[in-house]
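Peer 1: Structure provided below as structure tokens; questions to follow.
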């Protein structure tokens with residue numbers, strides 16, 4: 001599996017360990033919708049503020065839920081909100097300067113595939129676990145994929 005295929009798998013929710021209809025690894029709706037909203041803002045970059053209702057309509061996201069996500073992104077410094085009749089949201093930096101990893105970190109928190117990667121003490125086998133190497137490699141591949149993509153990369157896809 002290539003780094004790009006892992007990235008594609010993450011963004012489409014068809015994540016690596018699938019058994020029947022169960023998905024063992026999944027991004028939240030907040031992360032998926034937040035990324036889509038930011039891609040929409042990247043598409044409109046340089047056009048001035050874009051109203052939440054326009055983003056919500058373009059991306060088929062509940063406007064109320066989108067407002068909550070955008071507030072989190074505003075507090076994190078990814079977007080700026082502009083009040084008034086011609087107000088809306090704008091990216092604070094150019095789309096090519098905003099990595100997908102930064103967005104996922106804001107909306108999801110750190111990537112933790114298994115508890116023993118962040119807290120080895122939770123498993124008495126952590127030091128001698130052969131599978132732990134695989135989990136670490138998978139985590140690093142996901143991080144590299146997310147680091148390698150920017151909003152500008154996703155605009156045309």
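Peer 1: Determine whether the range 118-125 contains at least one residue that is surrounded by 13 or more Cβ atoms within 10 Å (Cβ to Cβ), more than 20 Å from the chain's Cα centre (by Cα) and within 20 Å of residue 140 (Cα to Cα).
Peer 2: Going through the range 118-125, the residues surrounded by 13 or more Cβ atoms within 10 Å (Cβ to Cβ) turn out to be 120, 123.
Filter once more, keeping what is more than 20 Å from the chain's Cα centre (by Cα): 120, 123.
Of the ones still in play, those that are also within 20 Å of residue 140 (Cα to Cα) are 120.
Yes, the range 118-125 contains at least one residue that is surrounded by 13 or more Cβ atoms within 10 Å (Cβ to Cβ), more than 20 Å from the chain's Cα centre (by Cα) and within 20 Å of residue 140 (Cα to Cα).
Peer 1: Of the residues 42, 56, only one is assigned to a helix (DSSP H, G or I), modelled with pLDDT of 95 or more and farther than 23 Å from residue 143 by Cα; which?
Peer 2: That would be 56, the only listed residue that is assigned to a helix (DSSP H, G or I), modelled with pLDDT of 95 or more and farther than 23 Å from residue 143 by Cα.
Peer 1: Could you pull out every one of the helices (runs of 4 or more DSSP H) wholly within the range 66-157 that has 2 or more residues that are closer than 19 Å to residue 38 by Cβ and either touching a residue at least 12 places away in the same chain (Cβ under 8 Å) or in contact with a strand residue (DSSP E or B) (Cβ under 6 Å, 6 or more places away or on another chain) (or both)?
Peer 2: It comes to 100-108, 130-148, 151-155.
The values are calculated or read from the model by the stated rules, or taken from the named source; none is laboratory data. Given the structure is predicted, the values throughout are model-derived calculations rather than measurements. Neighbour counts are summed over all protein chains in view; Cβ atoms, including those assigned to glycine, are modelled from backbone coordinates with ideal geometry.
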